[in-house]
Amino acid sequence: MIMIQDAFSGFTVDDVEAAREFYGTTLGLSVEDAPGAGGLTVRLPSGQGVLLYPTEAHEPARYTVLNLVVDDIDRAVEELNSAGVVTKIYSGEESYGTDERGINRGSATGTGPDIAWFRDPAGNVLSVLVA
C-alpha cells in the first residue's frame, strides 16, 4: 500500500486574476500564488489548500467542485447576492428543489443539508451549505 502523506484538490479556471478577486474578495478566503502551476492556492478555513490553475482548454465544471460550510444559509446567500453572485442557477426539472433564492432546504425535508449553488467567474459550480 502507498503511504499517502497529504492530499489536495484542484480545478481549472480561465482567468487567474478574476479567480483571485472572487475567491479572495467576494468569498473572503486567503489566496496565494501557486508557483510552478501559474495559478492560485485558495486556503480554506481548515488550512487545506485548493489549487486553481489556468488552462486554455478550460471547461466549467457542471458538478460542485467546492462546498463551503456556513452557519446561516440565508445570510450567506444574501451576502453572495449583494456581491452580485447569482445563487439561483438551477430551474425547471433540474431545480433540485431550490426556492426563489436558490436554496434547497434539505433539513426541512430530511433529504440533505440546506444548500445553495452558485458559479465562480470561470463558471465552475460551488456551494454554500449548512453541515
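Each value in this text was obtained by applying a stated rule to the coordinates, not by laboratory testing. Keep in mind that what you see is a predicted model, and the values were worked out from it rather than measured. Don't worry about glycine lacking a Cβ; one is built from the backbone with ideal geometry, like all the others, and counts go over all protein chains shown.
How large are Rg and Dmax for the chain when only the alpha carbon atoms are used, in Å?
So, for the chain, Rg and Dmax equal 15.5, 49 Å respectively.
Just flag the trypsin sites (Lys or Arg not before Pro) in the stretch 1-82 sitting in loop per DSSP whose Cβ has no more than 13 other Cβ atoms within 10 Å.
Filter output for the stretch 1-82: Arg62.
For Ser91, Ser46, what ranking results if the residue with the fewest other Cβ atoms within 10 Å of its Cβ goes first?
Least to most surrounded, the residues fall as Ser46, Ser91.
What list of ³J(HN,Hα) values in whole Hz, one per residue of the stretch 13-24 in order, does the Karplus curve 6.51 cos²θ - 1.76 cosθ + 1.60 (θ = phi - 60°) give from phi, with Gly and Pro shown as x?
Ordered by residue, 3J(HN,Hα) equals 9, 9, 8, 4, 5, 5, 5, 4, 5, 5, 6, x Hz.
Rounded to the nearest 0.05, what FRET efficiency is calculated for Asp74 and Met1 with R0 set to 41 Å and r the Cβ-Cβ distance?
0.35
So, how do all the Cα-to-Cα distances of the stretch 12-56 break down into 10 Å bins, in percent, from 0 on up?
P(r) for the stretch 12-56, in whole percents per bin: 32, 58, 10, 0.
Could you compute the longest span of the chain free of chymotrypsin sites (Phe, Trp or Tyr not before Pro) located in DSSP loops and having at most 13 other Cβ atoms within 10 Å, not counting the site residues?
Here the longest run is 64-131.
Using +1 at the Cβ of each Lys and Arg and -1 at the Cβ of each Asp and Glu in the stretch 9-130, identify which of Leu44, Tyr23, Ile89 lies farthest towards the dipole's positive end.
Farthest towards the positive end: Leu44.
Using a simple charge model, +1 on the beta-carbon of Lys and Arg, -1 on the beta-carbon of Asp and Glu, nothing else, what dipole does the chain show about its Cα centre, in debye to the nearest 20?
The calculated dipole for the chain is roughly 220 debye.
Which loop GluC sites (Glu not before Pro) in the stretch 6-69, with loop taken from DSSP, have no more than 10 other Cβ atoms within 10 angstrom of their Cβ?
Taking the stretch 6-69 and a limit of 10 other Cβ atoms within 10 Å, the loop GluC sites (Glu not before Pro) found are Glu56.
Only sites in a loop by DSSP and with at most 11 other Cβ atoms within 10 Å count here; which GluC sites (Glu not before Pro) in the stretch 71-131 make the cut?
Those satisfying the criteria are Glu100.
Please report the relative contact order for the chain, taking Cα pairs under 8 Å with a sequence separation of at least 6, and give it as a percent rounded to a whole number.
It rounds to 24 percent for the chain.
Please figure out what share of the DSSP beta bridges in the chain is antiparallel and state it in percent, rounded to the nearest 5.
That works out to approximately 65 percent antiparallel.
What is the magnitude of the charge dipole of the stretch 53-104 about its Cα centre, with +1 placed on the Cβ of each Lys and Arg, -1 on the Cβ of each Asp and Glu, and no other charges, expressed in debye to the nearest 20?
Roughly 80 debye, rounded to the nearest 20.
Sorting Leu129, Leu40 on the 10 Å Cβ count, fewest up front, what's the list?
If I rank by nearby Cβ atoms, fewest first, I get Leu129, Leu40.
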